[in-house]
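Structure first, commentary second.
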Amino acid sequence: MMSDSIDQEILGLLLDEASEAMQEWEQSCLLLEKDPSQSNLDALFRVAHNVKGASRSVGLMDLGSFVHKAEDLINLLKNDPSLVNSERIGVLLDSQSLLNDWIETLREDASYIPDTSKLEASIMKAIEAIQAGGASAPALEDEANAVKENVSPAPADDQSDRFPSVEEIQAQLAMESSNEKKASEEVLQVVKEEPKPAAPAPKAKKAVEKKRDSASRPDKTIRVSAAKLDELMQLIGELSIHQSIVTHSKQRGELETEVCGNAIYLSNKITKDLQNLTLSLRMQPVAGLFQRLERVGRDVAKAQEKDINFNLEGTEVSLDKTVIERVTDPLIHVIRNAVDHGVEDNDQRADKGKASITIAAHQDAGGVVISVKDDGKGIDPEVIFSKAVQKGLISADADLTKREINGLILLPGFSTREVVTDISGRGVGMDVVKQAVDELGGTIEIDSELGKGTGFRITLPTNLSIIDALVVKIGRSNYAVPMKELVEIIDLTEHKLENSGSEGKMINLREVIVPVENLVEYLPEILEEDDFNKVNLENDSNAGTPALVVQDGAHQLAFEVDHILGQQQIVVRPLSEQLASLPGYSGGTILGNGEPGMIVNLSQMTKSYLKRTKRKGA
């Protein structure tokens, strides 16, 4: 009999495998809805059979029993793919949601058993309907016993869709404890994806919420390729060799020799390679994210009885895992709004045919672009404009471009929806999407054409760990400014002063009047005012005064600094709890001279300026 500690390790490994299996279950169901092929049914049946067997092997008999019932339905469909329909796929997706919550709750409470009676009744109803319809299938018990004949075996060298037996897991644990690593599969750790339950039981909901609360903890595991680990070990080995050469040269007083110089050069090169490799370890394809978005969209469409095709493009594009986690909820909100607000009811689009929503990703110079585009009714700019005027968000004589008008729906509290729905209320919340994208250092744009549809284009940084930054000096302190926030760097003395009265300093920048603010005025929290060499805003004779130009929508703003020290790559560090509460900072870093520095959030400061000037003009 295994010890309790080994039991828990085995249970944890099996739950990890089961979590991954639930993603495959969901993916197979979504594929079946588009293509009820034999291969898709075989894949779904294999997943269910493996989960059932693995559950029973560790004593999770109730879970195994429920999966067995779902497996019976899958097997009937597998014997006759023409029996696949949306309602039966819905039952299997509901089963996946329940199992997903069940598996995650077992991590917190190994004795947890949810109420499955309602879903079991739905499964049995589907089975009985198939049998009553004269489907040619053997008795269910015979089908269960004929698993090996019915399921196409996976290739011998592909173990990705098979659960290990208890004996295999014990052997694996024993080998790991003696440091004997088995160079076989790529999977070393398994990501625990956050479930999105439709209606979890109280215990399940509590466990899932606890899991979400810990989503940002750094100890979350990710899947790592064994080949990349081998490359990492090789680079570390090479770096150790060159460091030994440098140390030996120092001891012998030979730091100026060619051998030592080469060692230092190669050490720097390897350090760069290590940086790139380490960043790549955190990269994940957006396929899992897109699958989740498709599932949410499908469920919302079914609830509203809308027929919608979901098209996924660019699923192989990769993003940092943290970026994916932080953009998931905002994108879910975009999808729900696209289904609820963007796509018309079936009877309203009888002439247009079945609706479609395309979720796509591609890489460009600015990062990764994720777009969500529907072919629905589009946005009426006149309605948006009049509603914004009615709510006091803009003046009636405001001169806005079409894109700027579309962007008004991202303002807090904006909505043109008069009827509250369970899906997206009155549309409140799109401002939260913009805020989340801004916090990631990304941008969001909306393109729409009345009668043809609406598209959201979200550009995100590939990673959040290492960024290009401009280092500036203000008084005696150095600050880092993310390069992606800057439009350009100018010398204020080269531009004509337009106004230095009560409205503050302004310059004419290529026929555009741009306000100028001294960045020191937005950084009063940490350093005393007399630490700074403040520039007299009324004096236009200060030679060589640099300023950082930023843009927020149609508004440009220049932030004056003392000196530009140069550009460098920096590693972003989280702030302490005390510093994190201060506005205007997005993190900390160690600069090239070894000193600590704060990372300035110019986007936040620009918004602060715009709010302040709006209040003055009110």
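What pairs from LYS302/LYS387; LYS352/LYS452; LYS387/LYS607; LYS505/LYS611; LYS473/LYS611 go past 19 Å between their alpha carbons?
Result: LYS302/LYS387; LYS387/LYS607; LYS473/LYS611 exceed 19 Å.
What percentages, rounded to whole numbers, describe P(r) for the range 285-460 computed over all alpha carbon pairs with 10 Å bin width beginning at zero?
Per 10 Å bin, starting at zero, the Cα-Cα P(r) for the range 285-460 comes out as 10, 38, 37, 14, 1 percent.
Using label points projected 7 Å from each Cα along Cα→Cβ, tell me how many nm separate ASP397 and SER608, to one decimal.
It is 3.3 nm.
What are the residues whose amide H is under 5 Å from the amide H of LEU565, where those residues sit 5 or more places off or on another chain and H is modelled from the backbone?
Amide H neighbours of LEU565: VAL471, VAL472, LYS473.
Pop the C-beta distance of ASN311 and LEU582 into the FRET formula with R0 = 35 Å and round what comes out to the nearest 0.05.
Once rounded, the FRET efficiency stands at 0.20.
Convex hull over the Cα atoms of the range 226-281, averaged projected area in nm²?
Hull-based average projected area comes out at 3.6 nm².
Using a Förster radius of 45 Å, what is the FRET efficiency between SER356 and MET283 based on their Cβ-Cβ separation? Nearest 0.05, please.
About 0.95, to the nearest 0.05.
Please list, in order along the range 59-64, the HN-Hα scalar couplings obtained from phi with the Karplus expression 6.51 cos²θ - 1.76 cosθ + 1.60 (θ = phi - 60°), rounded to whole Hz, x for Gly and Pro.
x, 8, 5, 5, 5, x
Would you grab the residues whose amide H sits under 5 Å from the one on LEU591? Only those 5+ places off in sequence or on another chain, please, with H modelled 1.01 Å from N.
Residues meeting the amide H criterion: GLY597.
What is the gain in length, in nm to one decimal, between ASP35 and ILE241 on full extension, counting 0.36 nm per residue of separation less the C-alpha to C-alpha distance?
Computed gain between ASP35 and ILE241 is 68.6 nm.
If you stretched the chain out fully between LYS269 and ASP468, how much longer would it get, using 0.36 nm times the residue separation minus the C-alpha to C-alpha distance?
69.8 nm
By per-residue mean of other Cβ atoms within 10 Å, what is the highest-first order of 35-44, 467-476, 285-294, 222-231?
285-294, 467-476, 35-44, 222-231
Readers should treat all values here as calculations from the given coordinates under stated rules, not as data from a laboratory. Computed from a predicted model, the values in this text were never measured in an experiment. No Cβ is skipped: glycine too gets one built from the backbone with ideal geometry, and neighbour counts run over all protein chains shown.
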